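Inspection log for the structure reproduced underneath, given as structure tokens.
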Amino acid sequence: MSSQRPLTSKAAIGVLGFVGATAVAGGFEMLAFPDGNVFVKHEWLGDLPVADYRLPGLILGVGLGGGSLVAAFGLMRRPRWGWIRGVERITGRHWSWAATATMGAALGGWILLEIALIPERSAIEALYGVLAAGLLAVCATRSFRTSLAIAPAP
């Protein structure tokens, strides 16, 4: 069945899997080194509204990482869960469509916060900014929307 998915779905699954895995790793790093290390510098804490990297690590790892992996799983397997049917009724699409859009917006917001709060720029920010925009763009494509459409109840 995977081969019948449009290229947009395959691309979104790949991007969400990559973002999910790297965000979980980054979140773990922040939790393991709450006062900073070579990647998340201690000096930056003075510019942030937090005392250490624990809260950002939880948000990155659980929110962006876990959320992206759940969205990727939803796109791959298309499980139908009763507790989230309200989202499907509102959008007319499988919940993974909304999850993908949410993760794209959340990733974009995370990158914008980094740009606003952290004094150093990185090519990684540009990469993740492009991935965030790509996830949102994929959600707008006809093939992606159509592949996740839910037939109205008889």
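Values in this text are rule-based calculations from the coordinates and carry no lab data. Here the structure is a predicted model, which means the values were calculated and not measured. All Cβ positions, even for glycine, are placed from backbone atoms using ideal geometry, and neighbour counts span all protein chains on display.
Tabulated results
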| item | result |
| --- | --- |
| Most fluctuating residue given options GLY74, GLY46, GLY82, as computed from a GNM of the chain linking Cα atoms under 10 Å | GLY82 |
| In order through segment 80-90: 3J(HN,Hα) via Karplus (6.51 cos²θ - 1.76 cosθ + 1.60), integer Hz, x for Gly, Pro | 10, 10, x, 5, 10, 4, x, 5, 5, 5, 5 |
| Environment charge at GLY129 (Cβ cut-off 12 Å; Lys +1, Arg +1, Asp -1, Glu -1) | -1 |
| Mean Cα-pair separation over length for the chain, i.e. relative contact order, pairs under 8 Å, 6 or more apart, % | 28 percent |
| In nm, spacing of pseudo-spin labels at PHE18 and ALA116 (7 Å Cα→C-beta vector) | 2.7 nm |
| Relative contact order [Cα under 8 Å, 6+ residues apart], segment 1-76, whole percent | 47 percent |
| Residue-span extension gain [ARG142 to LYS10] - 0.36 nm each, minus C-alpha spacing | 46.1 nm |
| Alpha-carbon centroids, segment 15-76 and segment 89-144: separation in whole Å | 15 Å |
